[in-house]
Amino acid sequence: MNNVFESRVNEEEKMRGDIFAGISHELKTPINVINSALQVIKDKRAMGEDEDKYLDMIKRNCYRLNRIIYNLIDISRYETGEAGLKKENCEIIKHIKEWVKDISVFARERNVVVHFISSVEHLEVSVDLDKIGRIIANLMANAVKFSKDGGGSVTLSVDAADNNLIIAVKDDGIGISEKNLDFIFQRFARVDNSSVKYEGSGLGLWLVKNLVNMHHGSITAESREGVGSKFTVYIPVTLDRYISRQAKAEYKPNPDIIRNEFMY
Ligand code: ADP
């Protein structure tokens, strides 16, 4: 009994150590970029050279730090078991549409066209809208990030079957090898592909999986190298008897969530 307990404690300590090591490494890069950009501005100011490029670099990396902090907050919530979803009964299709509309503005800036297809017009379900938005924003940001050079297209489709809300994000990007597909949902999973130009944390999909699990759902990934990837999220359709349907007409996707995902 004691041994089981001991090995669990050791396991948790190791996990915490891994998280700190991973996060510390993550924090170093944007801070270094900000520092160097500031140094360049300082050096060049005397010469009157264009500062915009370096100011933009600083801004992007501040967003990146922000994203890491958002992730850290989420991780610490899972760890202490206080992740509490703010669920509400709502008509989800119109909210998904709004998230996709706002996200497509960022995709367009990167020459990626976004399509939205839904086989259902209305669906009442109890979910945490911000968390569903984070799931969509993360999957779509990855789909855009790993699109082929020079553009591509991303399709978000919504279906309802077997009492599940099904959200799929499909891209025609670089794809993921069969070997790597097995571990992309693990913490700090960074896949060796041609997109080394993007510094990622490898936390995104792990967090997405956790957010899906919190809704008692599941997520699958299919991919073919050079052809594209498809991530499918299944969320059970339930309604909460103890909360009345919220008047969520005024709900708007949180722009920070989207911006954080797209500042890479
Ligand atoms: P990151 O912050 O590094 O993007 P994620 O957990 O979101 O972390 O993704 C882990 C890895 O999975 C990525 O580094 C990438 O190699 C791969 N990946 C995720 N989504 C896609 C996609 N749509 N197409 C190709 N590769 C992807």
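Determine whether SER118 is surrounded by fewer than 20 Cβ atoms within 10 Å (Cβ to Cβ), away from the ligand (no atom under 12 Å from the Cβ) and closer than 23 Å to ARG224 by Cα. No, not satisfied.
Applying the condition of being within 28 Å of ILE69 (Cβ to Cβ) and exposed (fewer than 10 other Cβ atoms within 10 Å of the Cβ) to segment 21-56 and asking which residue is modelled with the lowest pLDDT yields SER24. Counting the residues of segment 208-231 that are in contact with a strand residue (DSSP E or B) (Cβ under 6 Å, 6 or more places away or on another chain) and within 20 Å of ILE176 (Cβ to Cβ) gives 12.
The values are calculated or read from the model by the stated rules, or taken from the named source; none is laboratory data. Here the structure is a predicted model, which means the values were calculated and not measured. A quick note on method: Cβ atoms are made from the backbone with ideal geometry, for glycine too, and the neighbour counts reach across all protein chains shown.
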